[in-house]
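What follows is a short report on a single structure.
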Amino acid sequence: MRVIVTGAAGFIGSNLVKSLNEQGITDVLAVDNLTRGDKFVNLVDCEISDYMDKVDFLAAVKSGKLGHFNAIFHEGACSDTMEHNGNYMMSNNYEYTLRLFDWAQEHNVHFLYASSAAVYGGSVEFRESREVEKPLNVYGYSKFLFDQILRRRMEEGLKAPVHGFRYFNVYGSREQHKGRMASVAFHNFNQFKEGGRVKLFGPYDGYQAGCQRRDFVSVEDVAKVNMFFLNNPKTASGVYNLGSGRAQTFNDVALTALNTLRVHGGEKALSLKDAVEQGFIEYIEFPDALKGKYQSFTEANLHKLRDAGYSGSFYTVEQGVERYINQLLGKASA
């Protein structure tokens with residue numbers, strides 16, 4: 001099997017390359033933009049057949065000289081939800097995706113792509129339905145727009161299978177390059193290691209301090225779902241939620257990170273109450289800049305995913321974050 005992965009040196013993309021390798025698939029064309037050269041480390045333990053810059057890749061797509069492939073995972077995008085340059089965002093996320101989609105349809109290539117839970121924005125429901133999709137920023141809109149185009153094309157009839165995944169709050173290995181857009185778990189780990197405490201948002205939007213709730217999903221589970229659809233291309237085309245289906249608090253993430261570090265250092269785990277009283281978790285005033293633009297609650301509705309035949313379980317925050325922190329500690333001591 002010949003597979004393309006765009007955003008291959010990025011967080012989710014590199015995890016998909018690794019998962020493909022674990023299935024014995026090494027004929028992988030890795031596509032990315034390595035202006036940020038430090039991302040290369042994500043591919044060091046992966047097997048690929050070739051690498052192309054994203055601009056050269058798009059030129060090859062347009063020229064029709066790319067050759068035959070069985071599937072493409074399109075993970076490459078601008079994922080910075082605070083990016084306000086709409087032209088840049090739409091060019092990277094919408095127009096690029098549309099061109100690859102058209103190419104995949106023309107050449108009968110299975111197209112698997114990254115959508116986002118940002119499509120839901122200020123909604124209180126998280127199911128794959130037009131009436132609950134209310135993006136709050138241009139990033140969310142760029143993902144939303146392509147999802148709408150896909151729905152129209154599905155009504156007209158597709159030539160090749162297409163599966164989109166609305167990622168919720170993904171955390172896990174190979175995200176160290178993401179800066180401020182790295183996961184809460186990654187930031188909590190570094191804050192505890194460097195300063196001995198973590199700061200969480202105080203009360204906001206009807207939620208108590210640290211109790212805003214998100215659907216935190218391990219990248220290990222994200223990769224498993226992607227591989228399921230790769231191996232089952234006849235599964236109904238469309239957009240699928242990809243979260244754990246379980247909303248948990250920011251307190252849960254911080255406490256799991258703290259206690260994993262404490263146990264690793266030979267200390268006992270703490271309750272949330274003790275962690276706060278001892279100053280390991282501190283609450284700060286919710287910033288004005290985020291008011292009205294912040295998802296205080298997300299929770300993936302997984303009915304469509306389950307109906308498609310995916311029966312795998314998902315890590316809880318306590319399970320997944322503990323695994324992740326131990327992975328980070330293992331790298332730090334290597």
Those residues that are aromatic (Phe, Trp, Tyr) and out of contact with any Leu (no Cβ under 7 Å at 6 or more places or on another chain), I need them from segment 17-57; list them, please.
51, 57
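For (1) modelled with pLDDT of 95 or more; (2) surrounded by fewer than 23 Cβ atoms within 10 Å (Cβ to Cβ); (3) within 17 Å of the chain's Cα centre (by Cα), each residue gets a yes or a no:
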{"position": "87", "(1), (2), (3)": "no, yes, no"}
{"position": "91", "(1), (2), (3)": "no, yes, no"}
{"position": "96", "(1), (2), (3)": "no, yes, no"}
{"position": "105", "(1), (2), (3)": "yes, yes, no"}
{"position": "113", "(1), (2), (3)": "yes, no, yes"}
The lone exception for residue 82 - which of (1) modelled with pLDDT of 95 or more; (2) under 19 Å from residue 171 (Cβ atoms) it fails:
(1)
All but one of (1) part of a loop (DSSP other than H, G, I, E, B); (2) modelled with pLDDT of 95 or more; (3) not acidic (Asp, Glu) hold for residue 177; state the number of the condition that does not hold.
(2)
Can you name every residue in segment 98-131 that is over 15 Å from residue 70 (Cα atoms), in contact (Cβ under 8 Å) with a residue 24 or more places away in the chain and part of a helix (DSSP H, G or I)?
98, 99, 117, 118, 119
Restricting segment 280-333 to residues that are out of contact with any helix residue (DSSP H, G or I) (no Cβ under 9 Å at 6 or more places or on another chain) and of a type in the set (Lys, Arg), the one farthest from residue 264 (Cα to Cα) turns out to be 304
Which one of 11, 40, 69 is touching a residue at least 24 places away in the same chain (Cβ under 8 Å) and touching a helix residue (DSSP H, G or I) at 6+ places or on another chain (Cβ under 8 Å)?
11
Restricting attention to helices (runs of 4 or more DSSP H) lying wholly within segment 246-333, give those where 2 or more residues are surrounded by 14 or more Cβ atoms within 10 Å (Cβ to Cβ) and among the hydrophobic types (A, V, I, L, M, F, W, C).
250-264, 272-277, 317-333
Among the numbered criteria (1) modelled with pLDDT of 95 or more; (2) on the phi < 0 side of the Ramachandran plot, which one does residue 295 miss?
(1)
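The values are calculated or read from the model by the stated rules, or taken from the named source; none is laboratory data. Please read these numbers as outputs of a predicted model, since none were measured by experiment. With ideal geometry, Cβ positions are generated from the backbone for all residues, glycine too; neighbour counts draw on all protein chains shown.
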